[in-house]
Amino acid sequence: MLLGVNIDHVATLRNARGGKEPSVIRAAEVCEDNGATSITTHLREDRRHIKDKDVRTLIKKLKTNLNLEMAVTEEMGEIALEIKPHSVCLVPEKREEITTEGGLDVAGQLDKITEFVKKLKDAGIIVSLFIDPSEEQVKAAAQTGAQFIEMHTGQYSEAFGTDREDDEFLKLKKSAALAQTLGLKVNAGHGLNYENVRRMHEIPGLYELNIGHSIISRAIFTGLSAAVREMADLTK
Ligand code: PXP
């Protein structure tokens, strides 16, 4: 399985002070130097973390691929067609949500999404649809012409370690198998961490995982000791 790292949280931290630190570009480079096979960012309509300038710089500087998450809106479609990221992952978006809640309802807006997918594909952009692991959504995704689905692993992640874990895991496994029979490639992400990620190996043919929160959270504790030591030396 490949690893796409979502660096939105780095932008959130940077924006807290409004300056340049920590650099989203430097973060992407560190991810790439340590095994990330793509960099994911979500350009939200409210631009609460990643900004347009970040995306434009990333696309020039990345050694790997930029996977741009976006809502199905005219504005986002225009941005994608202009900057042409390697891939676009279409996600649902609500302004008031803290993070992406639930998958895109492809079955409920098939025509709109099919048209959107076609425009992106015609421009040479790979399209992925972020959906809940359900038969209805997988079948609808296959009808749109998108090349990939990204299965929402949020329910599985929440159920991990409880008596619901196996049920949620089975939904992912079955949906991946169905998607592959329908000719789709399958990614997964949301809520994956250093424990629950292991079971992803039990899903045959899973292509790429997109992980953000747990990696950036872990980085604080793998990096904090060195950062404090360095400053302690300077303040001695
Ligand atoms: N995939 C998609 C489509 C997402 O929206 C997100 C969160 O932005 C992720 C993956 C990564 O989720 P997490 O930050 O929980 O690892």
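Computed values, structure above
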| item | result |
| --- | --- |
| Residue identified as at pLDDT 95 or above, more than 12 Å from the ligand (Cβ to nearest atom) and open to solvent by less than 90 Å² (accessible area, probe 1.4 Å) among Leu192, Leu234, Leu224 | Leu224 |
| Only listed residue being surrounded by fewer than 16 Cβ atoms within 10 Å (Cβ to Cβ) and over 23 Å from Ser23 (Cα atoms), chosen from Leu104, Leu81, Leu90 | Leu81 |
| Filtered residue count, region 46-86, keeping only those that are within 13 Å of the ligand (Cβ to nearest atom) and either among the aromatic types (Phe, Trp, Tyr) or part of a strand (DSSP E or B) (or both) | 4 |
| Residue in region 156-179 that is in a strand (DSSP E or B) and surrounded by 18 or more Cβ atoms within 10 Å (Cβ to Cβ) present | no |
| Enumeration of residues in region 126-155 that are assigned to a helix (DSSP H, G or I) and within 19 Å of the chain's Cα centre (by Cα) | Gln137, Val138, Ala141, Gly154, Gln155 |
| Qualifying residue in region 22-43 (condition: touching a Cys at 6+ places or on another chain (Cβ under 8 Å), within 13 Å of the ligand (Cβ to nearest atom) and under 25 Å from Val72 (Cβ atoms)) | yes |
| Residue in region 1-45 that is most open to solvent (accessible area, probe 1.4 Å), counting only those that are assigned to a loop (DSSP other than H, G, I, E, B) and small (Gly, Ala, Ser) | Gly18 |
| Cβ pairs under 8 Å, 6+ apart, first in region 210-223 and in contact (Cβ under 8 Å) with a residue 12 or more places away in the chain, second within 7 Å of the ligand (Cβ to nearest atom) and among the hydrophobic types (A, V, I, L, M, F, W, C) | Asn210/Cys89; Ile211/Leu192; Ser214/Leu192 |
| In region 195-221, residue surrounded by the most Cβ atoms within 10 Å (Cβ to Cβ) [restricted to those that are in contact with a helix residue (DSSP H, G or I) (Cβ under 9 Å, 6 or more places away or on another chain) and in a strand (DSSP E or B)] | Ile211 |
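The values are calculated or read from the model by the stated rules, or taken from the named source; none is laboratory data. Predicted model only: the values in this text are computed from it and were never measured. So basically every Cβ, Gly included, is an ideal-geometry build from the backbone, and we count neighbours across all protein chains shown. Areas reflect the complete protein model, heavy atoms only, side chains present, ligands, DNA and RNA absent. Shrake-Rupley method; radii C 1.70, N 1.55, O 1.52, S 1.80 Å.
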